[in-house]
There are 6 protein chains.
Amino acid sequence: MTIAMYPGRFDPVTNGHMDIVGRAASIYDSVVVSVVHSGSTLFSTEERVRFVKDAVAGAGLKNVQVTSHAGLTVDAAHQHGATVLVRGLRAITDFTVEFDMALMNRNMAPEIESAFLMTAVEYLYISASRMRELASLGRDVSDFVPPGVNEALRAKFATRAD
Amino acid sequence: MTIAMYPGRFDPVTNGHMDIVGRAASIYDSVVVSVVHSGSTLFSTEERVRFVKDAVAGAGLKNVQVTSHAGLTVDAAHQHGATVLVRGLRAITDFTVEFDMALMNRNMAPEIESAFLMTAVEYLYISASRMRELASLGRDVSDFVPPGVNEALRAKFATRAD
Amino acid sequence: MTIAMYPGRFDPVTNGHMDIVGRAASIYDSVVVSVVHSGSTLFSTEERVRFVKDAVAGAGLKNVQVTSHAGLTVDAAHQHGATVLVRGLRAITDFTVEFDMALMNRNMAPEIESAFLMTAVEYLYISASRMRELASLGRDVSDFVPPGVNEALRAKFATRAD
Amino acid sequence: MTIAMYPGRFDPVTNGHMDIVGRAASIYDSVVVSVVHSGSTLFSTEERVRFVKDAVAGAGLKNVQVTSHAGLTVDAAHQHGATVLVRGLRAITDFTVEFDMALMNRNMAPEIESAFLMTAVEYLYISASRMRELASLGRDVSDFVPPGVNEALRAKFATRAD
Amino acid sequence: MTIAMYPGRFDPVTNGHMDIVGRAASIYDSVVVSVVHSGSTLFSTEERVRFVKDAVAGAGLKNVQVTSHAGLTVDAAHQHGATVLVRGLRAITDFTVEFDMALMNRNMAPEIESAFLMTAVEYLYISASRMRELASLGRDVSDFVPPGVNEALRAKFATRAD
Amino acid sequence: MTIAMYPGRFDPVTNGHMDIVGRAASIYDSVVVSVVHSGSTLFSTEERVRFVKDAVAGAGLKNVQVTSHAGLTVDAAHQHGATVLVRGLRAITDFTVEFDMALMNRNMAPEIESAFLMTAVEYLYISASRMRELASLGRDVSDFVPPGVNEALRAKFATRAD
């Protein structure tokens, strides 16, 4: 049985992220989506975890659990018994940063493999940072994010604009 | 149970290829290494299959089988019940070609996922084409290929030089 | 009035190429699609021109004409009064080769501008060489090429297989 | 008649930007340079607009107007009747970010085309951020920016150093 | 006699940096490692210079001196009589930024050549920013940095956590 | 004293190649330009050597000698006592291939360093293959190659066209 961890900031989770979650769920026995604690996110860890949990539930993915971690991703992977770190690739630029990080992770935890899965082409240009940018300009992004996230973005920026 | 196929020309198989085979074998239940038929290889399909088989046996990998296929890789994957296509990444350049091919494979067989694994850094610059080039210049490449392959390369180019 | 030339080998024309033709036709007054003579193509210049002409007619593009040229593209552009060379971009790798060629074209004809347009994402992984490869393996590619081209590919490879 | 918009931060405008403005002016009927409002620029929107206006006047470009916008670029394009978004490419790295942004813009406004033009090679390494960096170190950058901008940079950093 | 300058922030110096220092020392008569003053570093200029000096002494490199500079690197190079600027390359992404900077440096000081050396593959994924990130998460990084630097990182983040 | 070798096919030598030769000559005590034997070049080894020799003489470079080699470049470097392999970079794409080759060379000869120098921007798009292509189309390329090479290209293709 292979447990895969999909780590990320998910600030907020997008349809592109969920596309990767679904793909991972189809080829690994169990998938742990783990939201990384961070001091510089738009949404709190609790909010980010909740958005992913809601989206996983909405997609009816049975072998996916959602959690969060502070500290090193490889330590979190060990805790969950994960032997695979899943990363989504949106485009060629992504890869170099991912390559560096994966090599460092391998140095720290040689028994954990990094596996890169490809987002569907229709999600190629959807990133969390673009979602935040568009929402900050008042743009509805409900086409690009799971239900509820668009409203949360709107509320967040409405508050900020006050 | 997840069956992964690792397709390639393996002309000839290198330590870098075998590194990927080992990694795939550690995270998938079963791995099918499939040598692609091709009219323009240095070694025949039979030779290329044999080199991989010998290397898999030498590495003691129990859940790996070696075969060959003509035609579309996704058709071969279907035949073997594989739901994952494994590809090794050596460096950033590899990725764009892989990305294109993986997207086309997804179009033709949406239920098969492409997963990219990273070669160990010490194999970063080892490619089959470089092995052929070095061997053609009379260079011993036994540091970079499984046992027997260096001798086969030497014999091949000795014949040619006659 | 701006005349744009879209040069290429179109061996054979794909839906990706036609996507670029349509985009160019929408922003330039007149578009000249010019098929480059070449000794190493699968289809003859006459066949390649005919495929593009049929596709342009099928798409109902009024301000597009189709021709062919030997020699330098910038010389062909001059002959047609084109001041823009249109190039389609499928992905990041395309760009470097295009960049080099465009800089050389600018050196030879500074008054002609190169403009790069982006293919629709659904055509991102469709290239003429992939079409030839798939067709040579017996794969139907009618989803990716204009009407008639799939049949021509099939006939071409059937002949070859005899 | 094709109206092209060239959006950007222009903080400050460089000779590289103006090179693109001139190229766009030569192949489109009308060009609208639109300075994007932003809270994190060195120069105010008013200053950035004025620098571009002065440079356009100095270059004698008749079919170019200069304006500014807040919010989405595609909304600004609609307001001006622009059907083309012009972007300048300085080097290969530029392209990936541009590609993402252009795909998102296309999603939001399919009838607007993004066209990428290439900067002259002598402007390849000139960016607004490099200009700010060099000026902050006391370096004269008058070779790289339109008349007046070097003085404005000098004044800005002299003030800051007080 | 060729004097080479190796400029950088070295915040803090890593084994990857020292690998480049050693390579430069082997092919140039004299090497000046120059730490760039900067307001946004984790370690002060004095600390960063000391770390490099200690590492150079520890490596027994006789033809290497360590200094620091504010302002333009090319001005610092002139002061030291350096005619070569050495830069280390870790991976493909590095290169584009380096290319831009090197072209600007050449514009400002045509008589100074930029030479790019490659880090050993085992240091491919070691960057100062990754070291700071890992240390901030409490990770020991003594495998990746010269003696003493790990302790300094630990002390720095212990202080911060108070 | 540092001897640098600049290996290449030089089929034929271009102004871009000579730009690198000049830069290498300015920072290394002695430069050996070594033309690689190859069965698939347009010009013979003798012709390619002669073109480089003439260009070096024409440029008045005193510390540059021109030779040729078959087999491994690192073996040729050893023979000449070279401890540096110089490579010219024209653009970002060049680098990945160079990176692979340099890593393999380092594996085979760890005491030889690869140093990458940058071509002048005006030679960015000049490659030997582009010269052959343009000449085959009847284009004068005397702006891009040393004296005599344009004539040799013209003669070569005139012969071929007979």
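I'm trying to understand the selection: among the residues of segment F:29-85, which are within 14 Å of chain B (Cβ to nearest Cβ) and surrounded by fewer than 18 Cβ atoms within 10 Å (Cβ to Cβ)?
Listed by number, the residues that qualify are F:His37, F:Ser38, F:Gly39, F:Ser40, F:Ala70, F:Gly71, F:Asp75, F:His78.
Exactly one of (1) outside any strand (DSSP E or B); (2) under 11 Å from the mean Cα position of the chain (by Cα); (3) touching a residue at least 40 places away in the same chain (Cβ under 8 Å) is unmet by B:Phe43. Its number?
Answer for B:Phe43: the failing condition is (2).
Kindly indicate the residue of segment C:87-131 that is modelled with pLDDT of 90 or more and part of a strand (DSSP E or B) and also farthest from the other protein chains (Cβ to nearest Cβ) among those meeting that condition.
Looking at the filtered set, the residue picked out is C:Gly88.
With respect to F:Ser142, is the statement that it is among the polar types (S, T, N, Q) and assigned to a loop (DSSP other than H, G, I, E, B) true? Before the answer, list the steps.
Details: among the polar types (S, T, N, Q): yes; assigned to a loop (DSSP other than H, G, I, E, B): yes.
Judged against the criteria, F:Ser142 is a match.
Out of segment D:113-162, which residues are touching a strand residue (DSSP E or B) at 6+ places or on another chain (Cβ under 9 Å) and of a type in the set (D, E, K, R)?
Scanning segment D:113-162 gives a single hit, D:Glu113.
Filter segment F:123-162 for residues that are farther than 18 Å from F:Val56 by Cα, surrounded by 15 or more Cβ atoms within 10 Å (Cβ to Cβ) and among the aliphatic types (A, V, I, L, M) and give the result.
Those that are farther than 18 Å from F:Val56 by Cα, surrounded by 15 or more Cβ atoms within 10 Å (Cβ to Cβ) and among the aliphatic types (A, V, I, L, M): F:Leu124, F:Ile126, F:Met131, F:Leu134, F:Ala135, F:Val141, F:Leu153.
Across segment C:16-28, which residue is nearest to the other protein chains (Cβ to nearest Cβ) among those that are crowded, with 21+ Cβ neighbours inside 10 Å and touching a helix residue (DSSP H, G or I) at 6+ places or on another chain (Cβ under 6 Å)?
C:Gly16
Quick check on B:Leu117: is it more than 30 Å from E:Thr119 (Cβ to Cβ) and buried (at least 20 other Cβ atoms within 10 Å of the Cβ)?
no
Which one of these does C:Ala55 not meet: (1) in a helix (DSSP H, G or I); (2) out of contact with any His (no Cβ under 7 Å at 6 or more places or on another chain); (3) within 22 Å of F:Gly138 (Cα to Cα)?
Of (1) in a helix (DSSP H, G or I); (2) out of contact with any His (no Cβ under 7 Å at 6 or more places or on another chain); (3) within 22 Å of F:Gly138 (Cα to Cα), only one is false for C:Ala55: (3).
Which ones in segment F:110-162 are closer than 30 Å to E:Asp19 by Cβ and among the hydroxyl-bearing types (Ser, Thr, Tyr)?
The answer is F:Ser114, F:Thr119.
Does A:Thr45 qualify as being under 22 Å from B:Phe95 (Cα atoms), β-branched (Val, Ile, Thr) and touching a Ser or Thr at 6+ places or on another chain (Cβ under 6 Å)?
Values: under 22 Å from B:Phe95 (Cα atoms): no; β-branched (Val, Ile, Thr): yes; touching a Ser or Thr at 6+ places or on another chain (Cβ under 6 Å): yes.
Here the answer is no, as A:Thr45 does not meet what is asked.
The values are calculated or read from the model by the stated rules, or taken from the named source; none is laboratory data. These numbers come from a predicted model, not from an experiment. Note that each Cβ is placed from the backbone with ideal geometry, even for glycine, and that neighbours are counted across all protein chains shown.
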